[in-house]
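Notes to accompany the following structure.
The values are calculated or read from the model by the stated rules, or taken from the named source; none is laboratory data. On a predicted model such as this, the values are computed, not experimentally measured, just so you know. Here the Cβ positions follow ideal geometry from the backbone for every residue, glycine too, while neighbour counts run over all protein chains shown. All accessible areas refer to the heavy atoms of the entire protein, side chains included, with ligands and DNA or RNA removed. Shrake-Rupley method; radii C 1.70, N 1.55, O 1.52, S 1.80 Å.
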Amino acid sequence: MPHSFICRYIMGLLVFHATSLKAEWNTKDFQKREHSLTKPYEGSGFGVPNWDFQGSTMVTSNYIRLTPDQRSKQGALWNKIPCRVRNWEIQINFKVSGTTRDLFGDGFAFWYTKERMEIGPVFGSKDFFSGLAIIGDTYSNHNTPNHQHPYLSAMVNNGSVSYDHDKDGKHTMLGGCQVQFRNMNHETWIAIRYENDKLTISHDMNNKRAWAPCFSTEGVKLPTGYYFGMSATTGDLSDAHDVISIKTYELDTADGVSKEERPDIQPETEFVVTPQREHKEDPEESTSGIKKFFISLLVILGIIVVVVVGIMIYKNRQENNRKRFY
């Protein structure tokens with residue numbers, strides 16, 4: 001077999017393998033540049049085309065930092081142009097880093113909402129929002145035994161429900177997964193895919209250039225004409241939250257499915273909580289070991305007190321009886 005043919009054959013295999021690997025990770029659909037953000041960020045320091053930023057956000061040549069690794073900071077980045085397409089996918093290259101190993105917070109969020117540029121208490125943006133939030137929560141307020149943090153989750157809201165920080169959004173969570181994305185030395189990505197009323201969240205935290213599933217749920221109805229955004233916040237604990245790139249794609253619409261805009265519908269899913277269907281309080285969680293110890297100690301001390309008092313009363317009566325006898 002000629003040497004040139006062998007070389008061409010090997011090169012063909014390599015190209016085929018590289019193409020296959022890329023197809024697993026990158027969408028083949030049309031990129032919407034007006035909703036995308038990639039380096040170099042034109043106009044660094046003076047603004048970014050098609051994007052607004054606020055709060056502690058700082059634009060550099062290599063990343064857009066929503067919050068520095070300092071306490072009590074909030075920052076956000078918002079697309080200026082509403083999204084008019086029904087089906088879309090967003091791939092976000094981000095980085096969360098900090099100097100501490102065990103204590104850090106609070107997290108970041110991706111938004112597709114009716115409102116934009118409103119600083120607030122929900123990971124740097126407003127509460128009672130209308131639309132979709134994908135939350136990367138790095139600090140557990142609830143101390144739930146079901147999962148550890150960092151945790152990636154989703155919430156759909158019609159503007160009537162408050163995000164419950166104390167429960168880490170437990171009662172309004174569509175789904176989620178535990179994802180270790182802090183202090184990675186390689187690129188970290190998440191993908192939000194919305195197609196035919198199905199929401200799919202994926203991630204690449206191992207630099208394998210292939211998506212790993214987080215969760216998927218159907219029956220999610222989102223209006224067209226909402227805005228994409230990113231926000232982050234720190235509290236008593238802190239992390240640096242950086243956005244490296246945002247790539248937005250318009251997905252093909254299947255035959256028989258309407259491509260028309262639907263700006264007038266309300267965000268809807270079977271998991272949206274309305275004021276008439278507020279969640280019930282959690283059943284009292286199992287008592288911790290420390291609480292059990294103190295409760296047991298109090299019970300024992302109570303028994304001892306009762307016994308001692310009983311003995312004293314008994315001796316006192318015996319003494320009175322002897323006095324009357326004499």
Exercise. What about Glu278, is it open to solvent by 90 Å² or more (accessible area, probe 1.4 Å), modelled with pLDDT of 85 or more and under 23 Å from the mean Cα position of the chain (by Cα)?
Worked result: no
Seminar exercise, completed: Given the conditions (1) in contact with a strand residue (DSSP E or B) (Cβ under 9 Å, 6 or more places away or on another chain); (2) of a type outside the set (Val, Ile, Thr); (3) over 23 Å from Ser36 (Cβ atoms), every one holds for Phe94 apart from (3)
For this session: Output the number of residues of region 88-114 satisfying the condition of being part of a loop (DSSP other than H, G, I, E, B) and either modelled with pLDDT under 95 or over 30 Å from Val257 (Cα atoms) (or both).
Result: 9
Exercise. What single numbered condition from (1) within 25 Å of Thr100 (Cα to Cα); (2) within 15 Å of the chain's Cα centre (by Cα); (3) modelled with pLDDT under 90 fails to hold for Ile190?
Worked result: (3)
For this session: Of the numbered conditions (1) in contact with an Asp or Glu (Cβ under 6 Å, 6 or more places away or on another chain); (2) assigned to a strand (DSSP E or B), Ala210 fails exactly one; give the number of that condition.
Result: (2)
Seminar exercise, completed: The residue from Lys170, Lys114, Lys126 that alone is among the charged types (D, E, K, R) and touching a Pro at 6+ places or on another chain (Cβ under 8 Å) is Lys114
Seminar exercise, completed: Those residues of region 171-188 which are over 11 Å from Tyr151 (Cβ atoms), part of a loop (DSSP other than H, G, I, E, B) and in contact (Cβ under 8 Å) with a residue 40 or more places away in the chain amount to Leu174, Asn183, Met184, Glu187
Exercise. Can you find even one residue in region 117-127 that is within 29 Å of Ile265 (Cβ to Cβ), part of a loop (DSSP other than H, G, I, E, B), among the aromatic types (Phe, Trp, Tyr) and open to solvent by 10 Å² or more (accessible area, probe 1.4 Å)?
Worked result: no
For this session: Looking only at region 235-268, count how many residues are open to solvent by 10 Å² or more (accessible area, probe 1.4 Å) and assigned to a loop (DSSP other than H, G, I, E, B).
Result: 19
Problem set entry | Check on Ala154, touching a residue at least 60 places away in the same chain (Cβ under 8 Å) and touching a strand residue (DSSP E or B) at 6+ places or on another chain (Cβ under 7 Å) | yes
Problem set entry | Selection within region 122-144 - farther than 25 Å from Pro263 by Cα and either without any contact (Cβ under 8 Å) to a residue 60 or more places away in the chain or charged (D, E, K, R) (or both) | Gly136, Asp137, Ser140, Asn141, His142, Asn143, Thr144
Seminar exercise, completed: If we keep only residues of region 37-70 that are open to solvent by less than 10 Å² (accessible area, probe 1.4 Å) and touching a residue at least 40 places away in the same chain (Cβ under 8 Å), then the residue nearest to Ser202 (Cα to Cα) is Leu37
For this session: Give just the number: which of (1) modelled with pLDDT under 95; (2) touching a Pro at 6+ places or on another chain (Cβ under 7 Å) does Asn62 not satisfy?
Result: (2)
Exercise. Would you say Arg193 is in contact (Cβ under 8 Å) with a residue 40 or more places away in the chain, touching a Phe, Trp or Tyr at 6+ places or on another chain (Cβ under 7 Å) and more than 25 Å from Met58 (Cβ to Cβ)?
Worked result: no
Exercise. Counting only residues that are touching a strand residue (DSSP E or B) at 6+ places or on another chain (Cβ under 7 Å) and without any contact (Cβ under 8 Å) to a residue 60 or more places away in the chain, how many does region 218-230 have?
Worked result: 2
Problem set entry | Residue satisfying all of: in region 89-142; of a type in the set (A, V, I, L, M, F, W, C) and under 27 Å from Asp252 (Cβ atoms); farthest from the chain's Cα centre (by Cα) among these | Ile90
Problem set entry | Among the candidates Asn141, Asn196, Asn157, residue that is open to solvent by 60 Å² or more (accessible area, probe 1.4 Å), more than 24 Å from Asn93 (Cβ to Cβ) and modelled with pLDDT of 90 or more | Asn196
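Evaluate region 71-78: report whether one residue or more is open to solvent by less than 10 Å² (accessible area, probe 1.4 Å) and either assigned to a loop (DSSP other than H, G, I, E, B) or more than 18 Å from Tyr227 (Cβ to Cβ) (or both). Before you say what the answer is, go through the steps one by one.
At the first step, the residues of region 71-78 found to be open to solvent by less than 10 Å² (accessible area, probe 1.4 Å) are 75-78.
Subsequent filtering for residues that are either assigned to a loop (DSSP other than H, G, I, E, B) or more than 18 Å from Tyr227 (Cβ to Cβ) (or both) retains none.
So far as region 71-78 goes, no, none of its residues is open to solvent by less than 10 Å² (accessible area, probe 1.4 Å) and either assigned to a loop (DSSP other than H, G, I, E, B) or more than 18 Å from Tyr227 (Cβ to Cβ) (or both).
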